[in-house]
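Following: one structure in structure tokens, then a few remarks.
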Amino acid sequence: MAKCEETQDIEANWRVAMRPGKRKALDNSTPMGVILDKLEHAKASIRAKVEHPFRVINRQFGHVMVRYRGLNKNTAQLRTLFAPNLWMARRHRLLRMAQGGVRLQCARRP
């Protein structure tokens, strides 16, 4: 926050959580290192609780970052993400087919 031009005139004590790499580098063998680690854990916990509702709302309104460009790549990613769900649901589909509830239809050529 100290590098931002917009915040230069504001006198505030910013409590920004450490990066995970810096947190791992803390010396937990000393009492001060343990206290700093607990403090950083508390900051990260608060941040997660505050940001979760914003993530949920953004997802509901369709603000989703597209990872790949191009229809083929997006379709491939979508199929890759849903493949495990289809694999886990196969037993239920097979039971329904055996009971006669769902029938597979083959595409017929004219």
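No value in this document is a laboratory result; all are computed from the given coordinates. Fair warning: this is a prediction, and the values are worked out from it, not measured in the lab. Every residue, glycine as well, gets a Cβ built from its backbone with ideal geometry; the counts of neighbours run over all protein chains shown.
Restricting the calculation to Cα atoms, region 12-65 shows an Rg/Rh of 1.15 when the hydrodynamic-style radius is the Kirkwood one. Our coupling estimate for region 90-95, obtained by passing each phi through the Karplus curve with A = 6.51, B = -1.76, C = 1.60 and θ = phi - 60°, is 4, 4, 5, 5, 5, 5 Hz, Gly and Pro reported as x.
Local charge for A42 was computed over the other residues whose Cβ lies under 13 Å away, with Lys and Arg +1 and Asp and Glu -1, and equals +4. Residue separation of K73 and K49 scaled by 0.36 nm, minus their Cα-Cα distance, works out to 5.3 nm of gained length. Taking 0.36 nm per residue of separation and subtracting the current Cα-Cα distance, fully stretching the chain between D9 and K38 would add 7.3 nm.
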